[in-house]
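Read the structure below first, then the notes.
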Amino acid sequence: MAISRLIFGLTIALTSQADAHPNLILTEAGVERIRAELGAVPLFDATVARVKAEVDAEIELGIDTPIPKDLSGGYTHERHKRNFLVLQQAGALFQILEDEKYAVYVRDMLFRYEAMYKDLPLHPQQRSYARGRLFWQCLNDSNWLVYVSQAYDAIHDWLSEQERQTLEQNLFRPFADFISIESPQFFNRVHNHSTWGSAAVGMIGLVMEDEELVRRALYGIEDYNRGVGATDDDGGFIRVEGQRAGFLANLDAPFSPDGYYTEGPYYQRYAMYPFLVFAQSLHNVRPDLNIFEHKNSVLLKGVDALLSLSDADGEFFPLNDAQKGMSYRSRELVTAVDIAYHVGGRDAKLLSIAEEQGQVLLDDAGFSVAAAIRDGRAQPYEKSTINLTDGHDGRQGGVAVLRQGDEDLTLVFKYTAQGLSHGHYDKLSFSLYEKGDEVLQDYGMARFVNIGQKGGGNYLAENSTWAKQTISHNTLVRNETSHFEGRYEIGSEHHSELQFFDASDNGVQVVSAFEDDAYPGTVMQRTMALIKNERFEKPFLLDILKVISHTENQYDLPFYFMGQVMRANFAYESPAALRALGEKNGYQHLYLEGTGKPSGNNTVLSWMGHGKFYTLTSATHAADELLFTRIGANDPEFNLRRDAAFIIRRNGVANTVFATAVEPHGSYSPVSEIAINANSNIAELNVVYDDDDYTAVMIEDIQGHTSIFVLSNDDASASSEHELEIDGRTYEWWGPWHHSEI
């Protein structure tokens, strides 16, 4: 491969630095400040007390480093995981409280690991593509070293020179070599796994003042061996063209310029810990790298992007592989918020998130946050409508989050790239929330993390057969086949394209995107608008999905509603015995619970969830099929949730438009037993115009008031002027969309 001289503007001293320790995320100056004010910073003091109680209990139990044998959720896995967390905490307590019992505990456990590691074979469980030694996969071994490097840093200067030499020669250097040199399939990737690996090798390299390990972490094994890391005549670094490994590559490739991480917020949350603690360590030990300024401060942007990708309760939207319920209260986000505040200009809005988290890091960053909260500097963190680009250059689609009011109604619209190995086949899918409650859900992943009874706590087969398939999402399925045939090698080559995003009018926020690769010969364009209308109790969603195809097809459009059906305006039959809706591509996991036909031009379905009412009104055709389905078919081990869906099936057409409104309204109290505004305010919804250039949808409410939404299908320019006649009325407007009362 040709080598080009691309200057990073990053330099690393080629001689080791004999810096005093600690110097990774705790520093000498930071420790002095903490000790001086200990007892006078409530949130920090509360965290110290909680952590001290936990670590003291572990010390009382004694040290246990069992021979590895279990998958996630098993005893040996969870014990070694607990050990690395406690080691990091004990090291911090030693520095803060100056109590040697914590240093003794860290030292004694490290030597227990030193005694076992040199003779430790690969883990006996053979499920992973990269087996670890302490754990079933190298990923968890890297977790261990990221945390333990901090513990070692904390007691480094307390240990004797001989003790340090023994630990480094017999434990830490072999551990770092195993993760990197001996596991290239794990280390030399752009993936959250290799981010952990890079951080582990780099952080222990910083503590050991081992320049080779630090360079290996920054650039990866293959690129390092080809010469990356050597300085050129200008003092910068030589970079191999197409560099695909190391910490910097994992900063450059998965993050968009907006800070969106292509694997999705669940894995962005997971990866932010190694990204930020290694970056903080480099910031302290190698300030000449200016790591927090890399790629226009993308790491700090990533923290804001991640917080924006959460609902009103702080739980992350489950895009791609994601466990529902993960939130910014996780330890990774405590780290992210604290470090972002500490090094990122002291944004006071982050302090309100830290207050919600109720804890801080026991280090310089955590103390800065706690002291600022004590001093009354916190300001509210108000999430707003946002459009986040995907791809290293921001040109591989994105995610739009439209919010009306104080998250009264939140739309998450996904038009991203594939999302690496954790991506799902769900172009132009969406989910809808009201005040943090799911209205229309994204399933997330099929995995019970660290619950051993369910596949060892790892991904279940149903993650591939169901959760990743297109039918499991709120988007269009053609001929019962998933987007890109459900094949990663095809999906990873394509992304959806933004048509336009417009949040300039708070009353009507609109996003539109199209996809023409998911199904060859078929183009999908989906436009979604959150509309606030004074005649409606609450904002509502208007969804316009236009399909153009060279051939006639069967189209299925599912809506995964969360709640109990209240009423439907069509007759349907429920089978005496349940059967699967199909045989493959996720259809084999859907029970068919009911079938019906439209009773007129509109199909209406109402349900109640979380004590609130919702109504879906869709413009349907006489030949459409209306299907009630429920997840759970062909699932003998009960690995899938039994959630419901409503599917509109349109068969034997090439070009068509699906137009649907989802309207929140009313409430019900089981205490007063009173239902308020339980019925929809929409009397009729119709597609009143559609051609290559324009599509128009008209909505009439029950009082007879009418509004129209007109979309320019091809011209997305905000400066374009349009004129269109519909049913004898002329509409004139600027830009790609128009909404008005008639």
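The values are calculated or read from the model by the stated rules, or taken from the named source; none is laboratory data. Remember, predicted model here, so these are calculated numbers, not experimental data. Counting neighbours? That spans all protein chains shown, and the Cβs are built from the backbone with ideal geometry, glycine included. The area values use the complete protein model at the heavy-atom level, side chains included, leaving out ligands, DNA and RNA. Shrake-Rupley method; radii C 1.70, N 1.55, O 1.52, S 1.80 Å.
Of the residues screened, SER183 is not one that is at pLDDT 95 or above, among the hydroxyl-bearing types (Ser, Thr, Tyr) and more than 26 Å from THR76 (Cβ to Cβ). Which of the residues spanning region 443-468 are under 17 Å from TYR267 (Cα atoms), among the charged types (D, E, K, R) and out of contact with any strand residue (DSSP E or B) (no Cβ under 6 Å at 6 or more places or on another chain)? Within region 443-468, LYS468 is the sole residue that qualifies.
When each of ASP177, ASP234 is tested for being at pLDDT below 95 and open to solvent by 30 Å² or more (accessible area, probe 1.4 Å), the lone residue that passes is ASP234. Beta carbons closer than 7 Å, at least 6 apart along the sequence or on distinct chains, pair a first residue in region 620-631 that is free of Cβ contacts under 8 Å to residues at least 40 places away in the same chain with a second that is β-branched (Val, Ile, Thr) and part of a strand (DSSP E or B) for THR620/THR603; THR620/ILE648; ASP624/ILE648; GLU625/THR595. Tell me, yes or no, whether region 420-442 has at least one residue that is at pLDDT 95 or above, in contact with a helix residue (DSSP H, G or I) (Cβ under 7 Å, 6 or more places away or on another chain) and open to solvent by 40 Å² or more (accessible area, probe 1.4 Å). Looking for residues that are at pLDDT 95 or above, in contact with a helix residue (DSSP H, G or I) (Cβ under 7 Å, 6 or more places away or on another chain) and open to solvent by 40 Å² or more (accessible area, probe 1.4 Å), one finds none in region 420-442, hence no. Among the strands (runs of 3 or more DSSP E) confined to region 455-560, the ones with at least 3 residues that are buried (at least 22 other Cβ atoms within 10 Å of the Cβ) are located at 508-519, 522-531, 540-549, 553-559. Residues in region 419-450 that are assigned to a loop (DSSP other than H, G, I, E, B) and aliphatic (A, V, I, L, M): LEU428, MET445, ALA446, VAL449. Among the residues of this structure, GLU515 does not count as one that is more than 25 Å from the chain's Cα centre (by Cα) and of a type outside the set (Lys, Arg). Within region 128-174, the set of residues being surrounded by fewer than 18 Cβ atoms within 10 Å (Cβ to Cβ) and touching a His at 6+ places or on another chain (Cβ under 6 Å) comprises just one member, ASP157.
Determine whether LEU409 is on the phi > 0 side of the Ramachandran plot and touching a strand residue (DSSP E or B) at 6+ places or on another chain (Cβ under 8 Å). No; evaluated as a whole, the condition is false for this residue. What do you reckon, is VAL710 within 35 Å of the chain's Cα centre (by Cα) and in a strand (DSSP E or B)? So VAL710 passes the test.
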